[in-house]
Structure formats: C-alpha cells, structure tokens
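Take a look at the structure set out below.
The values are calculated or read from the model by the stated rules, or taken from the named source; none is laboratory data. Every value quoted in this text rests on a predicted model; they were computed, and no experiment measured them. Backbone-built Cβ (ideal geometry, glycine too); neighbour counts: all protein chains shown.
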Amino acid sequence: MPDGMQTVNHEGVIVHEHKIGQFIGVWGGLLGLTAIEVYLGYQNMQPLKMLFILLGLSIVKAALIILYFMHMKFEVRRMRYVLMTALIVCLCLMTVFFADAARIISLGVRQ
Amino acid sequence: MADVAMHHPAAQAFEPPLFRTNSKKLGMWLFIMSDSLTFGALLFAYSYGRISNPAWPMPFGAQSILRASIMTFFLLSSSLTMVLAVRSATHGRMPGAVRWLLATMALGTGFVVLHAVEWTGLIHEGLTPFKNPWAAGVPQFGGTFFTLTGMHMLHVSMGVIYLGVVALRKKWIPILLVLWLLAWLLTPASSPFHYGAHVLLLGAIVASVILYFKPKQYDAVDVEVSGLYWHFVDLVWMFIFPLVYLMSTRIT
C-alpha cells in the first residue's frame, strides 16, 4: 500500500498510511515552537501576558500532536467532533472557578 | 465490541463501526479524555497560583531551563520514534516496530532520569511540598510543583512499562525487575526515588499478571493504542514545560 493512502479493512475500520516526511516536518515544527517558548521565557514580560502567549503556543503544539501524531486528522469527522468537542467543553467548564478566583485577588481573603 | 458484533450469529448484514475505528483505540481515547481533565485541573490550579502571587518563586536558572529543554527534546523525539513504530507495525514489519518502540522507551527513560536529577537538585536547595527557600509567603509552590510534575513523571514511567510489555512481552519482566533493584538500591534512603522505585516493582507485577494470564501476540492496533497513550504524555508536557518552568525562569 503506497504512502498517503487509506483503505478499509475486513472489519470496516479505516487504515491509513502516512508519509515519514510529514512526521519529521511536524517534529521540526514542534521543536521550533519550543525554541520560541524558551526565548520568550527570558523576556521580562508581565506574567499574565506571558501566560496567554505561552498557553497559545502550547495549544498550537497540542493541536499538531493530536492531529498528526495521534492521527486525529485522519479519523472520520464524527469521531473528531464528538471527542474534541467533549474535551474542550469539559476543560472550559473548569474556568468557572476563575470568577471566584478573580474576586479573591481584588477583595482579599477574610482573616 | 465491533469484533463481537461482526461475528455474532445473529448478525445478518455487515455493519461497519460507528467511528470507523477499532474499539481498543476508542477505549484509549476515552481514557485520554478523562486523564486530560485530571491534568487540566492541576494545570489550572498551578497557573492561577502563579498569576495571583506576585512573590511567586523563580527557582529555575539557566541549568534547569537547559535540562528541561533537553527533556522536551527527548519527549518530542520519542513521539517521532513512536509514530515510526506504528508505521512499521501497520506495514507488517514487527521487528522494525519493536526497534522503534525500544528507541521510544530509551528516550522516555532519559526523560525520567533527567527529571529525577532536576527534582534532586531542587530538594537539596530546600524545596519540600510545604515550604520553599525562595519565597516563604508562597508555601504552595512546592506542593503544586511536585504534584504536577510527579504525576507526569508517573505517567511517563507507566508509559515506558506499557511499551516494554508491547515490545518485549515476557522478556520485559526480568529486565523490569533488574531496573527496580538498581533504582531501589542505588538511590540513597533520603531520596524520594528510593521508595518511588517501587513503582517499577508494581509495574512488573501488573505486567506479569497480564502477560501470564492473558498472553497474546501484540499486533499493529496494539502498537497504535500504546502510541496514543505515549503521545498523550508528550502532549501534557507541552503545557507543563512553559507553564511551570518558563513562567518561573530566574532572569539574571
């Protein structure tokens, strides 16, 4: 089976073939983004600003790993939507604590 | 699940699985989603602590950042060797897949060893889960740092054991027991890794139960499923490295 092809096996499961060059390209991209993060780590930035920039770069890296290394890009669309939507919604639900956390920063804790 | 449905005598017509993928792979994805929430909660807690404390300690000097960068390189490279193992297994080249799996395990072990060196250095400087020598007003630094990075180190160790089971099967058990003895006897009793090494013994026991009570030849799907777990531990480090190390870099 040549690289970059997909076939369906006897169980109805889609089997993919991947090109090595694609994986090496993603690996190089991830190393490049890491180098940018290390450079930013030595810039004297406001912690909140740095958090958002580093978090943004980490999300890009996570997306590359999920899409290419974990093969999510090559799964059927309904699997991508079901799994990723559930994960993103659950992670976003955790931010409900931030409203209370912000109140503590501005008002302080009762002694 | 899909296999059972396929071979059930009542099945009259062929029906492909809903997600057109193997049920083992789907099971691993569900585990990864639940584990993501565990790490998500820990990372949210750490990040909030970091942002809300202006006096947050900055203990990571150039040497720590260099070490953590090498650790990141190890994990990213191990993900590359892992996809190459999956590719070899998909092509039916199991000896090649085993070689790539061993390379992945070597890089993962290198990551754990470097992380242990990092932890030991910080402990010698006086960091404990309840206090740190850099900022007395932020006692939660040690607790959050050790919980987050320790949890990840445990996942990487379990990943190496898991890949060893897939690659070497029963041959892996004596190797794992030798590694356990070395890790246990060569670390001083004051080190957390002296007792932490027992994770390897626990792994050897669990692996023995699986390999002796349910022996099988692992195929391409098993390699791919183990790969999903391995990429997940790599993915989590992509958040821990910047949020824990780079957000607390000591700039001189």
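Just a few scattered comments:
- Being at pLDDT below 90 and part of a helix (DSSP H, G or I) is true of A:A99.
- Figure legend. Inter-residue proximity from segment B:104-124: first residues free of Cβ contacts under 8 Å to residues at least 40 places away in the same chain, second residues exposed (fewer than 15 other Cβ atoms within 10 Å of the Cβ) and part of a helix (DSSP H, G or I), beta-carbon distance below 9 Å, spacing 6+ or different chains. Indicated pairs: B:G110/B:I70.
- A:K49 fulfils the conditions (1) at pLDDT below 90; (2) closer than 30 Å to B:T90 by Cα; (3) among the basic types (K, R) except for a single criterion, (2).
- At least 2 residues being touching a helix residue (DSSP H, G or I) at 6+ places or on another chain (Cβ under 8 Å) and either crowded, with 20+ Cβ neighbours inside 10 Å or among the hydrophobic types (A, V, I, L, M, F, W, C) (or both) is the threshold, and among the helices (runs of 4 or more DSSP H) wholly inside segment B:166-252 those reaching it are B:172-186, B:198-213, B:220-240.
- Checking B:A197 against (1) at pLDDT 95 or above; (2) more than 12 Å from B:H115 (Cβ to Cβ); (3) within 16 Å of the chain's Cα centre (by Cα), the condition it does not meet: (1)
- Flag for B:L80 being surrounded by 21 or more Cβ atoms within 10 Å (Cβ to Cβ), at pLDDT 90 or above and more than 8 Å from chain A (Cβ to nearest Cβ): no
- Any hit, segment B:45-55, residues being crowded, with 16+ Cβ neighbours inside 10 Å, outside any loop (DSSP other than H, G, I, E, B) and free of Cβ contacts under 8 Å to residues at least 12 places away in the same chain: yes
Let's see how each residue does on (1) in a loop (DSSP other than H, G, I, E, B); (2) not small (G, A, S):
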position: B:Q63; (1), (2): no, yes
position: B:M71; (1), (2): no, yes
position: B:R87; (1), (2): no, yes
position: B:L102; (1), (2): no, yes
position: B:W134; (1), (2): yes, yes
position: B:V138; (1), (2): yes, yes
position: B:G143; (1), (2): no, no
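- Qualifying positions in segment B:26-55 - more than 9 Å from chain A (Cβ to nearest Cβ), over 17 Å from B:Y245 (Cβ atoms) and either modelled with pLDDT of 90 or more or under 20 Å from the mean Cα position of the chain (by Cα) (or both): B:G27, B:M28, B:F31, B:S34, B:D35, B:T38
- Qualifying residue in segment B:26-40 (condition: within 26 Å of A:Y39 (Cβ to Cβ) and surrounded by 17 or more Cβ atoms within 10 Å (Cβ to Cβ)): yes
- Looking across A:L67, A:L55, A:L51, A:L40, one residue alone is at the interface with chain B (Cβ under 9 Å from one of its Cβ atoms) and in contact with a Phe, Trp or Tyr (Cβ under 9 Å, 6 or more places away or on another chain). It is A:L55.
- Going through (1) within 14 Å of chain A (Cβ to nearest Cβ); (2) surrounded by 20 or more Cβ atoms within 10 Å (Cβ to Cβ) one by one, B:V138 falls short only on (2).
- Meets criteria (closer than 20 Å to B:Y245 by Cα, under 19 Å from the mean Cα position of the chain (by Cα) and surrounded by 18 or more Cβ atoms within 10 Å (Cβ to Cβ)) for B:M71: yes
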